[in-house]
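A.B. asks: Okay, handing you the structure first.
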Amino acid sequence: MNYILHLLVYFNIYVIVAMSLNLVVGYCGLLTLAHAGFYAIGGYTYAILAINFGWEFIPAALAGAAVAAMLSLFVSVSAWRLKGDYFVMVTLAAQALIFSLLYNWTSPGEPLGSLKNLTNGPFGITGIPRPVLFGWRVATPAAFAIFSTVIAAACLFVLWRLKTSPWARLLLSMREDELAARGLGKNTRLAKVQAFAIASGLAAIAGALYAAHVRYLDPSSASLDESILMLSMVLVGGLGNFRGPALGAAILILLPEVLRFLHLPDAQAANLRLLIYGLLLVVMVHVRPQGLAGEYRIQ
Amino acid sequence: MQILANGFVQGLVIALLAIGFNTVFLPTKVFFVAQAGLYALSPFLALQLLRWDVPWWLAFTLPVVISAGLAGLMETLNHRPLQRREASTGVHLIASLGLYIAIVQIVAMIWGNETQVLRRGIDQVFRPGDIILTRSQVIAAAVSAILMIAYIFWLRRTNLGLQFRALADNPIQLALFGYNTDRLRMCAFMVAGGITACASLVTAYDIGFDPHGGLHAVLLAIVAVIIGGRGTFVAPMLGGILLGLLRAQVVWHWSARWQEAATFALLAFFLLFRPHGILGRKMRLEAE
Amino acid sequence: MLRAEGLRKAFGGQVVLDGVNVELHRGQVVLLRGENGSGKTTLLNILTGNLEPDAGSIHYLADGSPRTYRFPRRWWQELNPFDHFVPEFVAREGMGRTWQDVRLFGSQTLRENITVAEPGHPGENPLMALIAPARSARKEKQLRDQADTVLSRFGLAGREDSSADKISLGQSKRVAIARAVAAGAKILFLDEPLAGLDRQGIADVLSLLKTLVRDHTLTLVIVEHVFNQPHLQGLVTTDWLLESGKLISSLRQGGEQSQLDPSLSIAHHPSPIVSRPAWFHLLAGDNAEIIDEPLTRGALLTRIRRPDRFKPDNPPILEIRDLVVKRGPRVVIGGESSTTGGMNLTLQTGEIAILQAPNGWGKSSLFSAICGHIHSVGNVLFRGQDINLKRSWDRARAGLVGVGSNDALFPSLTIRDAASLLPSISTTIRDQSTSRISSLSGGERQRAVMHFSNTRHTPGSSLAIYDEPFAMLDHAAAIEAARQIVNTNSSTIFLIPSSLAQQKETV
């Protein structure tokens, strides 16, 4: 039972991640590899605020979202000028920088969360407290599953409102022909900043959820592998609509669980899982470039 | 001086890998990330061959051949079909990324995730002047330099090199001249595969290797290409050497752990303010 | 409404605009003329904020709050992201534009294409969309009704829900104009609004433009190809002529044709193109049989059968049957209507054939399809063999000599390098053999192209196809190119010139 609840929490986390990533990749047509960085920033912000200052979940997660949204400016402002491979490289640089910061912002002997030792470096942060919601501590797995579902539902509601709004139509116009959209007086640069800020903020909330669930966080959650996993979800599921990323998140979470029944050693299982992600990417690109349930092919 | 020497050696290897990357990128516009998979694979092949008591010269040349072959296979089975469908560069990138992940995971499943070494015992040391170079460093520098000179010679003086430059300029026109551009593309991939394996083997001989280091090495190479300028075949060499020197300086003045931050900050700087690189000719980035 | 002074723009040392002054008043309809490469598009791009001039100033006075940009801009002006010279800010000053290739948002419906243009929509602020969806929805409903009215007035009633990439070119041009007007354009820059349209399409767009000028007192600046310019007679009030970097403005007398070369008054001729420039006569020589053959959408195939080349019992060398070429979702060639199917074309050995067609007809696509660069459906028979599944180099080796336009050589190679890619090297262009191709002038490049192509013909049995052989050439260079073409060894020659118009406007 706990196993199923655990899977549900994972699904909730990654559904937020995939949907928010879809906002950037599917709606703006901008391929990014920096998403895991913002996700990790959310997790770290939550962990530090909860440990050091005893913040409740919602304000801490929102603070993480704000930090991630601010940092996303680095990526979105680059998107004003850069396109295609160049832009992918910037997102890769952003991801590497965030990872490097999380990995290196440490000095032995200093207390965790101080300016000298913000992240505890490669050892990560342990003992992250369970989330507190209006004074009530979410303690049991069942409660956490419900809690994560509510958070995910709230995030999805936000995304749904946005995606049915004229703002989403503006993003789609920009994706199809940015110059034409600008010629109509549309401030596409602002739209890119907004889309990245919202997507990164939501990813940060998912990261906070992850930190609260696993109660341990290290820089690997900002790694390139994590970004690639996220990208695989939207690419396998499909871009540009609502069901695609959800489907992708479900498939990529359930797939490794199926592998469990093969009873491989742990390290082998992890490798096999990634191997399947990699092959899935290649196969999808050839067989179904728009993803299983998507409406848009990446340009 | 010691720092400059270390940086220069590292820079030469990065430059070699950068050339490999640009050999594919310029003519085909494919962002060949799967190169990182070949980079990870080749030292393990060498290790396995050495375990089977294959003579050392064969153990170091066979992986180069295999890597070139695999690169050719990737072009045939992956990029060429995508090219026929006029797929965008993003699609090529994703497919290549997928191949990279697959190769690395297969390597890890066969040989394990641990760091390995090719060299046994303590390395011989040379002391020209007041600097210290290990024998493996000298080998790395010599192999990289020789390969790069050979590469430039091949590009400038041979017919195939000329066809290559023409392919990078205008593949359609070259096809109109009656040249089989598919075969040339294939050639590009194979050359890149071979160069990658060489760079990987000399690095592995010097400092050891694990299955996951490939992407990092190739990212450095890509950074070198962007810094140098990706409009020409030669500029990445300059970028690679500069990058090697910079990284050595960072280690000296701060700490090894800020190397990555410095590298990618430099990349961001170049992309935003000088996207055509040091030697690159100015071109319009925004396709308008 | 718009004033610009001393605009200068140079591309890599080549001065395109050299102190251009512009003044526009309400209700004016300007025809911007000038030969190819004279900077028409550059001026359009500058005035609409797509391109920054090197020097000069632009004053936008169309709406209440005038705005002035001076160039060159200081670096600290770039620090303020709300003060950039970019298309979106210029568009808000009432400048609208359409593109030659239309650029509708293809995956959206026509109605959405219009409603998306509305400036200052509250729902385009994500925060407003989140907390006040009702307000956005109200506005949206009102906009949809407006869009439907606009569409029906533009003759597109009932097509509101069609996807924008499923309508005809003429319809999409009208939607593009409607979209620009909906975005609040007071001055509308039209880049070849009539290109690629049939007579009905031209009439529809023209009547739309007339309505806009009359009812909305819109100001228009039109760039149009010469052979479509006569259609604009009666609409245009002012001519701008761009010549060697300067702009000469002249008022046009109502209804008279004095401003235009009388030979251009072919507006009512059934086929839009009948003119024959000097190179044509050189190709034709004396006593050749000349056959004009109209094709779909205003194109014309002219066959020249010179007695020294053409024998009546010659077999066909190229047969195109049922050819359909697609670019993305759009059909470029073939399938004009559901009944006609693909395109058909046959060339006999020994002919010199010239395909003249309006811009946007798909000439370059046809060239690419025959040479095998792009995928096409149908049959292409070369000397009786279907080559449509063969790759482009196999076609080249079989004797199909495709000659690309002169901007499509190898820019970073030298002439000598490029020449050594070919079997034989001759001496005619040795004087520049070590300079890079990118540094050559258009005429020199054209000479190189001709030279390269000439070494590739196999005498007697090959077919040479030329894509835009006379582009960017002046009179003498065009004659020289034609002489080279007629002296090739290929038995059959197929020319696809970009448009006959350019040569004429240089006269």
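The values are calculated or read from the model by the stated rules, or taken from the named source; none is laboratory data. Since we're looking at a predicted model, the values are computed, not measured. Neighbour counts run over all protein chains shown; Cβ positions are idealised from the backbone, glycine included.
A.B. asks: Mind counting the residues in region A:147-173 that are hydrophobic (A, V, I, L, M, F, W, C) and within 9 Å of another protein chain (Cβ to nearest Cβ)? Steps first, answer last, please.
C.D. replies: Step one: list which residues in region A:147-173 are hydrophobic (A, V, I, L, M, F, W, C), which gives A:147, A:150-160, A:162, A:167-168, A:170-172.
When the remaining residues are screened for being within 9 Å of another protein chain (Cβ to nearest Cβ), the result is A:158, A:162, A:167-168, A:170, A:172.
Looking only at that region, the number is 6.
A.B. asks: Only residues that are within 18 Å of B:Thr89 (Cα to Cα) and at pLDDT below 90: list them for region B:33-67, please.
C.D. replies: Once the filter is applied, which keeps residues that are within 18 Å of B:Thr89 (Cα to Cα) and at pLDDT below 90, region B:33-67 yields only B:Val33.
A.B. asks: Residues in region B:140-156: is at least one at pLDDT below 90 and at the interface with chain C (Cβ under 9 Å from one of its Cβ atoms)?
C.D. replies: No - not one qualifying residue is present in region B:140-156.
A.B. asks: Give the number of residues within region C:382-405 that are more than 9 Å from chain B (Cβ to nearest Cβ), among the charged types (D, E, K, R), over 22 Å from C:Asn489 (Cα atoms) and in a loop (DSSP other than H, G, I, E, B).
C.D. replies: Count: 1.
A.B. asks: Which members of region B:81-110 meet the condition of being over 23 Å from the mean Cα position of the chain (by Cα), more than 7 Å from chain A (Cβ to nearest Cβ) and closer than 14 Å to A:Leu272 by Cα?
C.D. replies: B:Ile110
A.B. asks: With the checklist (1) over 23 Å from C:Ile222 (Cβ atoms); (2) at pLDDT 80 or above; (3) within 12 Å of chain A (Cβ to nearest Cβ); (4) in a helix (DSSP H, G or I) in hand, flag the one item C:Glu78 doesn't pass.
C.D. replies: (2)
A.B. asks: Here are the criteria: (1) surrounded by fewer than 22 Cβ atoms within 10 Å (Cβ to Cβ); (2) away from every other protein chain (no Cβ under 14 Å); (3) part of a helix (DSSP H, G or I). Tell me which single one B:Ser42 does not satisfy.
C.D. replies: Unmet for B:Ser42, out of (1) surrounded by fewer than 22 Cβ atoms within 10 Å (Cβ to Cβ); (2) away from every other protein chain (no Cβ under 14 Å); (3) part of a helix (DSSP H, G or I): (1).
A.B. asks: Go through (1) part of a loop (DSSP other than H, G, I, E, B); (2) at pLDDT 85 or above one by one and return the number of the condition C:Leu242 breaks.
C.D. replies: (1)
A.B. asks: Another question about this same structure. Can you confirm whether region A:148-171 contains a residue that is of a type outside the set (Asp, Glu) and touching a strand residue (DSSP E or B) at 6+ places or on another chain (Cβ under 9 Å)? First the steps, then the outcome.
C.D. replies: Let us first name the residues in region A:148-171 that are of a type outside the set (Asp, Glu), namely A:148-171.
Within this subset, residues satisfying the condition of being touching a strand residue (DSSP E or B) at 6+ places or on another chain (Cβ under 9 Å) are none.
The answer is no, given that none of the residues of region A:148-171 is of a type outside the set (Asp, Glu) and touching a strand residue (DSSP E or B) at 6+ places or on another chain (Cβ under 9 Å).
A.B. asks: Turning to a different aspect of this structure: If the requirement is being touching a Gly at 6+ places or on another chain (Cβ under 9 Å), within 24 Å of B:Leu162 (Cα to Cα), in contact (Cβ under 8 Å) with a residue 40 or more places away in the chain and surrounded by fewer than 19 Cβ atoms within 10 Å (Cβ to Cβ), which of these qualifies: B:Val251, B:Val225, B:Val234?
C.D. replies: Numbers: B:Val251 fails: within 24 Å of B:Leu162 (Cα to Cα); B:Val225 fails: surrounded by fewer than 19 Cβ atoms within 10 Å (Cβ to Cβ).
None of the other options fit; the residue is B:Val234.
A.B. asks: When region C:176-222 is examined, which residues are found to be out of contact with any Lys or Arg (no Cβ under 6 Å at 6 or more places or on another chain), assigned to a helix (DSSP H, G or I), closer than 25 Å to C:Ala357 by Cβ and touching a residue at least 24 places away in the same chain (Cβ under 8 Å)?
C.D. replies: Scanning region C:176-222 gives C:Ala176, C:Ile177, C:Arg199, C:Gln200, C:Gly201, C:Ile202, C:Asp204, C:Leu206, C:Leu209.
A.B. asks: In addition: Of all residues in region A:219-266 being β-branched (Val, Ile, Thr) and in contact (Cβ under 8 Å) with a residue 12 or more places away in the chain, which is farthest from A:Leu8 (Cα to Cα)? Outline the logic, then answer.
C.D. replies: First, the residues of region A:219-266 that are β-branched (Val, Ile, Thr): A:228, A:234, A:236, A:251, A:253, A:258.
This time we only want the ones that are in contact (Cβ under 8 Å) with a residue 12 or more places away in the chain, so: A:228, A:234, A:236, A:251, A:253.
Numbers: A:Ile228: 21, A:Val234: 19, A:Val236: 20, A:Ile251: 13, A:Ile253: 10 Å.
Among residues in region A:219-266 that are β-branched (Val, Ile, Thr) and in contact (Cβ under 8 Å) with a residue 12 or more places away in the chain, the one farthest from A:Leu8 (Cα to Cα) is A:Ile228.
Here is a yes/no grid of residues against (1) of a type in the set (S, T, N, Q); (2) closer than 15 Å to A:Phe144 by Cα; (3) in a helix (DSSP H, G or I):
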residue: A:Leu8; (1), (2), (3): no, yes, yes
residue: A:Tyr14; (1), (2), (3): no, no, yes
residue: A:Ser20; (1), (2), (3): yes, no, yes
residue: A:Leu30; (1), (2), (3): no, no, no
residue: A:Ala36; (1), (2), (3): no, no, yes
residue: A:Ala40; (1), (2), (3): no, no, yes
residue: A:Ala50; (1), (2), (3): no, no, yes
residue: A:Ala61; (1), (2), (3): no, no, yes
residue: A:Ala65; (1), (2), (3): no, no, yes
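A.B. asks: Among what's in region C:81-126 and is assigned to a helix (DSSP H, G or I) and more than 9 Å from every other protein chain (Cβ to nearest Cβ), pick the residue that is farthest from the chain's Cα centre (by Cα). Can you show your working first?
C.D. replies: We begin by selecting, within region C:81-126, every residue assigned to a helix (DSSP H, G or I); these are C:87-92, C:110-115, C:122-124, C:126.
Remaining after also requiring more than 9 Å from every other protein chain (Cβ to nearest Cβ): C:110-111, C:114.
Values: C:Leu110: 24, C:Arg111: 27, C:Ile114: 24 Å.
Among those that are assigned to a helix (DSSP H, G or I) and more than 9 Å from every other protein chain (Cβ to nearest Cβ), it is C:Arg111.
A.B. asks: Residues to consider are A:Ala154, A:Ala139, A:Ala180; find the one that is part of a loop (DSSP other than H, G, I, E, B) and at negative phi. Spell out how you get there, then give the answer.
C.D. replies: On the way: A:Ala154 fails: part of a loop (DSSP other than H, G, I, E, B); A:Ala180 fails: part of a loop (DSSP other than H, G, I, E, B).
Exactly one residue qualifies, and that residue is A:Ala139.
A.B. asks: Just to be sure before I move on: is B:Leu174 away from chain A (no Cβ under 14 Å), without any contact (Cβ under 8 Å) to a residue 60 or more places away in the chain and in a helix (DSSP H, G or I) in the structure I sent?
C.D. replies: Working: away from chain A (no Cβ under 14 Å): yes; without any contact (Cβ under 8 Å) to a residue 60 or more places away in the chain: yes; in a helix (DSSP H, G or I): yes.
Yes: the conditions hold for B:Leu174.
A.B. asks: Ok, one more. In region A:243-299, how many residues are more than 30 Å from B:Arg80 (Cβ to Cβ) and either part of a loop (DSSP other than H, G, I, E, B) or of a type in the set (Phe, Trp, Tyr) (or both)?
C.D. replies: Counting residues in region A:243-299 that are more than 30 Å from B:Arg80 (Cβ to Cβ) and either part of a loop (DSSP other than H, G, I, E, B) or of a type in the set (Phe, Trp, Tyr) (or both) gives 5.
A.B. asks: Quick one: is A:Gly183 crowded, with 22+ Cβ neighbours inside 10 Å and under 30 Å from C:Leu188 (Cβ atoms)?
C.D. replies: In short, yes.
A.B. asks: Could you tell me how many of the residues in region A:126-147 are surrounded by fewer than 17 Cβ atoms within 10 Å (Cβ to Cβ), among the small types (Gly, Ala, Ser) and at pLDDT 85 or above?
C.D. replies: 2
A.B. asks: Looking at region C:1-42, which of its residues are in a helix (DSSP H, G or I) and without any contact (Cβ under 8 Å) to a residue 40 or more places away in the chain? Write out each step before concluding.
C.D. replies: Initially, region C:1-42 is screened for residues in a helix (DSSP H, G or I), giving C:40-42.
Passing the criteria: only C:Thr42.
A.B. asks: Checking A:Ile276 against (1) away from chain B (no Cβ under 14 Å); (2) buried (at least 18 other Cβ atoms within 10 Å of the Cβ), which single condition isn't satisfied?
C.D. replies: (1)
A.B. asks: I've got another one for you. So, in region C:28-50, exactly how many residues are in contact with a strand residue (DSSP E or B) (Cβ under 6 Å, 6 or more places away or on another chain), modelled with pLDDT of 85 or more and among the small types (Gly, Ala, Ser)?
C.D. replies: 0
A.B. asks: I'm trying to understand the selection: among the residues of region C:355-381, which are part of a strand (DSSP E or B) and either surrounded by 22 or more Cβ atoms within 10 Å (Cβ to Cβ) or within 14 Å of another protein chain (Cβ to nearest Cβ) (or both)? Before you say what the answer is, go through the steps one by one.
C.D. replies: Going residue by residue through region C:355-381, those that are part of a strand (DSSP E or B) are C:355-356, C:376-381.
Correct list: C:Gln356, C:Ser376, C:Val380.
A.B. asks: For region C:467-498: of the residues being out of contact with any helix residue (DSSP H, G or I) (no Cβ under 7 Å at 6 or more places or on another chain) and over 18 Å from C:Ala448 (Cα atoms), which is modelled with the lowest pLDDT?
C.D. replies: C:Ser498
A.B. asks: Can you pull out the residues in region C:149-161 that are under 20 Å from C:Leu212 (Cα atoms) and surrounded by fewer than 18 Cβ atoms within 10 Å (Cβ to Cβ)? Before the answer, list the steps.
C.D. replies: Here is the first cut: in region C:149-161, the ones under 20 Å from C:Leu212 (Cα atoms) are C:149-157.
Answer for region C:149-161, where residues must be under 20 Å from C:Leu212 (Cα atoms) and surrounded by fewer than 18 Cβ atoms within 10 Å (Cβ to Cβ): C:Thr149, C:Ser152, C:Arg153, C:Gly155, C:Ala157.
A.B. asks: Exactly one of these conditions fails for C:Ala164: (1) surrounded by fewer than 19 Cβ atoms within 10 Å (Cβ to Cβ); (2) at pLDDT below 85. Give me its number.
C.D. replies: The one condition C:Ala164 does not meet is (1).
A.B. asks: Continuing with this model, one more query. Got at least one residue in region C:140-148 being under 17 Å from A:Leu171 (Cβ atoms), at the interface with another protein chain (Cβ under 8 Å from one of its Cβ atoms) and modelled with pLDDT of 85 or more? Please lay out each step first, then the result.
C.D. replies: Within region C:140-148, the first condition is being under 17 Å from A:Leu171 (Cβ atoms), and the residues that meet it are C:140.
Next cut, at the interface with another protein chain (Cβ under 8 Å from one of its Cβ atoms) only: C:140.
The next check asks that each one be modelled with pLDDT of 85 or more; those that pass are C:140.
Yes: one or more hits.
A.B. asks: In this structure, is A:Thr106 crowded, with 23+ Cβ neighbours inside 10 Å and within 27 Å of B:Trp254 (Cβ to Cβ)?
C.D. replies: Values: crowded, with 23+ Cβ neighbours inside 10 Å: no; within 27 Å of B:Trp254 (Cβ to Cβ): yes.
Taking the combined requirement at face value, the residue does not satisfy it.
A.B. asks: Among the residues of region A:62-87, which ones are under 21 Å from A:Leu179 (Cβ atoms), facing another protein chain (nearest Cβ under 10 Å) and not hydroxyl-bearing (Ser, Thr, Tyr)?
C.D. replies: Taking region A:62-87 first, the residues under 21 Å from A:Leu179 (Cβ atoms) are A:76-87.
Narrowing the set further to residues that are facing another protein chain (nearest Cβ under 10 Å) leaves A:77-78, A:80-87.
If the condition is that a residue be under 21 Å from A:Leu179 (Cβ atoms), facing another protein chain (nearest Cβ under 10 Å) and not hydroxyl-bearing (Ser, Thr, Tyr), then A:Val77, A:Trp80, A:Arg81, A:Leu82, A:Lys83, A:Gly84, A:Asp85, A:Phe87 are the ones that fit.
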